[in-house]
């Protein structure tokens, strides 16, 4: 019994110091827990801020991605339109080349017709100059008709030259619209000493024999000129 009492008294003497140490340790532990909790909350707030910022950036990137997709769609549409335009321009270029080839043929034809008209005009001029001397009074009307026909041919020649110049300018500048008439209504006639009459029209020169009351294609003045020239040749 005495031993037990002495042990109890000894334990009671040591207990206050141990309790103080335990309290210190518990206080320190609690403080550490509070600091860690505070740090954890601070880190949590930091993470929440980062998450919010990441969400904002994600929305911005999504918006930018949508804009880029719309831009890509617009560019694809523009590309399709450009391809269609290029195809159309290629077709137009081919048609233009064909049109230019046709216009060159027309210009060559007009040049040939112009040469024919010039030759015919020279022939008529020489015929008038040769038969002007000793011509009866009634024939002078025919000379007047030939003069009018000559003036008409000169006007037609000038028009053909203007058209030829326009055609050449149009061939040099494909951008300009090409407007060339397909044909020109002109005709004239002259007669030779053998009684045949030469008819010049938009299709060229042809020989036609004078037979009684045969009708001749051409203008009225050109027909009268041919008949009177034939009478002069027979006289």
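Of all residue pairs spaced 6 or more apart or on separate chains, none has beta-carbon atoms under 7 Å together with a first member in the range 13-42 that is surrounded by 10 or more Cβ atoms within 10 Å (Cβ to Cβ) and a second member that is modelled with pLDDT of 85 or more and in a helix (DSSP H, G or I). Taking the options 75, 124, name whichever one is surrounded by 10 or more Cβ atoms within 10 Å (Cβ to Cβ) and touching a helix residue (DSSP H, G or I) at 6+ places or on another chain (Cβ under 7 Å). Residue meeting the stated conditions: 124.
The values are calculated or read from the model by the stated rules, or taken from the named source; none is laboratory data. These numbers come from a predicted model, not from an experiment. Neighbour counts are summed over all protein chains in view; Cβ atoms, including those assigned to glycine, are modelled from backbone coordinates with ideal geometry.
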